[in-house]
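Novice: Quick one: this structure, given as structure tokens, is what I'll be asking you about.
The values are calculated or read from the model by the stated rules, or taken from the named source; none is laboratory data. Remember, predicted model here, so these are calculated numbers, not experimental data. Remember, those area values only see protein heavy atoms, side chains included, never the ligands or the DNA or RNA. Shrake-Rupley method; radii C 1.70, N 1.55, O 1.52, S 1.80 Å.
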Amino acid sequence: MWNAGRETSSPGTDLSKNQAMKEKERLIKELQLITEERNDLRDRLRFLTERSMKNRPNFRPNPYYEDLERMEEAVMSILHNLEMENTEVHENNHKLKKEITFSR
């Protein structure tokens with residue numbers, strides 16, 4: 001009689017706990033996938049809007065960014081010229097080495 005007021009855990013509650021845990025895991029996985037998809041879509045949107053903003057007639061980009069782009073073009077041009085000069089020097093050096101070994 002003294003146990004009559006107590007509730008004992010039944011297999012039904014254990015089953016519902018297991019179902020709740022499985023449902024929780026499923027929802028967590030689904031949330032992770034949705035978050036990942038949202039981030040991918042956000043990145044795509046950012047890429048498309050940045051690209052399309054440059055084509056707009058009223059778009060005024062940051063002047064510092066334009067200066068930086070010009071400087072990058074100048075540096076890349078200098079780098080290309082130095083690489084071409086470097087290959088020419090290496091070719092001439094190789095030819096001179098051949099002449100020196102031939103004359104010996």
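Novice: What aspartates and glutamates does residue 97 reach when the alpha-carbon gap must be under 19 Å and sequence neighbours fewer than 8 apart in one chain are set aside?
Specialist: Correct list for residue 97: 85, 88.
Novice: Applying the Karplus parametrisation 6.51 cos²θ - 1.76 cosθ + 1.60 with θ = phi - 60° to the phi angles of the stretch 72-86, what ³J(HN,Hα) value in whole Hz is obtained for each residue in order, glycine and proline being reported as x?
Specialist: Computed from phi, the couplings for the stretch 72-86 are 5, 4, 5, 5, 5, 5, 4, 4, 4, 4, 5, 5, 5, 5, 5 Hz.
Novice: Given the protein chains as shown and a 1.4 Å probe, how many square angstrom of residue 100 are accessible, to the nearest 10?
Specialist: 90
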